[in-house]
Amino acid sequence: MFEQLINGLTQGSIYALLALGFTIIFGVLRMVTFAHGEVFMVGAYSGFVVFTHLQDSLVLAIVAAVVTTFLLGALMEIVAFRRLRDAPHFSSLLVTIGFSVVLTQLALLIFGAEVEAIPMRQIEGLAFSEIRIGEVYVSYLQLSVLGVAILIMAATFLFFKYSRLGTAIRATAQDHEAAMAMGVDVNRIFTVTFAFGSMMGGIAGVLIGFYYNLFYPTMGVMLGLKAFSAAVIGGLASMPGAIVAGLMIGVVEVFSVDFVNSSFRHLIAFVFMFAILLIRPQGLFGSGQLRGARGD
Amino acid sequence: MLQLNDVHTWYGSVHALRGVSLTVGEGEIVSLLGGNACGKSTTMKTILGWVKPRSGEVIFGGQRITGKRPPQIVDAGIAPVLERRRMFPQLTVRENLMMGAWRRRDTAGIAKDIDKMAEIFPVTASRAGQAAGTLSGGEQQMVAMARALMARPKLLIMDEPSMGLSPKFVRTIFDLIIELNRREGLSILVVEQNANMALSIASRGYVLQTGEVVIADTADALLNNPQMQKAYLGIA
Ligand SMILES: Nc1ncnc2c1ncn2[C@@H]1O[C@H](COP(=O)(O)OP(=O)(O)OP(=O)(O)O)[C@@H](O)[C@H]1O
Ligand SMILES: [Mg+2]
């Protein structure tokens, strides 16, 4: 039971991380990206390549994902959003769909369609050393995944609450013209925010890739949908909302496997989300924390 | 100090400013008057570098700033108080002030200015930790002014500071403007529809009509100008 809860929270913490990235991007740019799942996939492969070809260190794998997806996010913002700032929202949406297709095709080209995995001898140290917490045994890998996810989320909160740049990002989210009046380079804030949100997706990618030791070009599709859903359930622009929703979905999924065939887990997750939206159409945390109540 | 020479600004096919020329001298309060949609805000946005004029030039402190980017114009020493105050509603009052100092790096100087704002605008201290969006309109106007001053500007541009405020509060705000001008030698450009009030503190005024300066004169002359009295001062 407790073990299942840990499993659920681990799974959920990754959803939360992914949803948080999505929420931050939406909260500041008021734009939806459809390439978040593919950024996640790129993060996973970056970690995979570094781990298998350079050095088998989880930290280094995470760093690789951070760097790659941060840069990828910056590039996407400039191409899909900055250049189309005055175009209708749908234009940007379309470009992000384009990005998701290109990234998937690139992954297919480089890695092929078959599922890749880190060789046992490289990952067994992480996956099979366990430590005991009370009655249950938890693997180092699981602990690392959960730990890294929590660490990143906590750091994100502190960053937005207390840092100079974090405050400027919140200010820009609330009123970008007023921010411009203070001399904030609003374009740069948008780029950094998109890069930052993408980076969180990338970290989620490495974590889940290593957790299940499965890497394939379409691995981000279902995850992208779930992150989007978790963000909506959370209230779209609410960071705590995204985290709570992500964790809940993870836990529900893991526990549902006890009752139904595991291939239905995605279905259960979406039914659960639908049920929440029926009860609270505005999401768990209705009005966001990045943005003001002032709608637009 | 500030000089606009024959500025033409377009929004797509809308010709919003049709050759605006004006000056604001060192330590002077000047008002820019006009009815709805005559181009007051556009003049401000052109000065701030938010929109680029198609022709004409903006000169500030002897330097041509036409075409410079907004952050550089803040660096040059121009800070605006936008129409409707535009608080960052979910940031605290203090965070709002810190945002005003965004382009500055002198931590000690910023801290000193925060204290100074507490003196001039007590509400910035008494409500420092409160979300700015929860303040009343008048309080927000105070915070908006303090926030702009945190940039240590040489020229303050205020877009319709009286909008939505009670006459008594407008008086308070305008008294503060005069005091800032006297104490700090701050140059101020007040953009207003409330011509009476604006001319009571300004030394000179310009009247805009559909993107053109139609009258430019001293404040006293404008207050006694029959054309002004009829159109803008509510005197038949
Ligand atoms: N972004 C824009 N795109 C197109 N036209 C614009 C834009 N902004 C302003 N305009 C037009 O330019 C003209 C001047 O607008 P501006 O906002 O400068 O007027 P204003 O004098 O500040 O009016 P108000 O007193 O209502 O604030 C108006 O006709 C307005 O419709
Ligand atoms: Mg205006």
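Rule-based calculations on the coordinates, nothing more; no lab input. From a predicted model like this one, the values you see are computed outputs, not experimental measurements. Note that each Cβ is placed from the backbone with ideal geometry, even for glycine, and that neighbours are counted across all protein chains shown.
For this structure, a couple of remarks:
- Legend: mean number of C-beta atoms from other chains within 10 angstrom of residue C-beta atoms, peptide A:166-172, equals 4.
- Helices of chain A meeting both criteria, an alpha-carbon length of 27 angstrom or more along the long axis and an average Kyte-Doolittle score not below 1.0, with helices taken as full DSSP H segments, are A:2-29, A:89-111, A:140-162, A:186-212.
- Those residues of region B:163-179 whose amide nitrogen sits under 16 Å from the label point placed on residue B:36, 7 Å along Cα→Cβ: B:163-164
- Shape of region A:80-158, Cα gyration tensor, a/c cut at 1.5: oblate
- Least to most buried among B:113, A:86, B:159 (fewest other Cβ within 10 Å first): A:86, B:113, B:159
- Tensor-based shape of region A:69-204 (alpha-carbon gyration tensor, a/c under 1.5 rounded, otherwise prolate or oblate): oblate
- Separation in nanometres of the label points that stand 7 Å from Cα toward Cβ, at residue B:179 and residue B:221: 3.3 nm
- FRET efficiency estimate (nearest 0.05) - Cβ-Cβ, residue B:171 to residue A:155, R0 51 angstrom: 0.55
- Gyration tensor verdict on region B:84-152 (Cα atoms; rounded if a/c is under 1.5, prolate if a/b is larger than b/c, oblate otherwise): prolate
- Residue pairs, from the table B:68/B:154; B:112/B:154; B:40/B:230; B:40/B:68; B:45/B:230; B:52/B:154, whose Cα atoms sit over 24 Å apart: B:45/B:230
- Partner chain coverage, peptide B:68-77 - average Cβ within 10 angstrom: 3
- Placing pseudo-labels 7 Å out from each Cα toward the beta carbon at residue B:203 and residue A:258 gives an inter-label distance of 8.1 nm.
- Listed by Cβ neighbour count within 10 Å, with the fewest neighbours leading, A:132, B:152 appear as A:132, B:152.
- Residue by residue along B:92-102, Cβ atoms of other protein chains within 10 Å of the local Cβ number 4 on average.
- Summed side-chain charge close to residue A:255 - residues other than residue A:255 whose Cβ falls under 15 Å, Lys, Arg +1, Asp, Glu -1: -2
- The angle separating the long axis of helix B:137-149 from the principal Cα axis of greatest extent in chain B is about 90 degrees.
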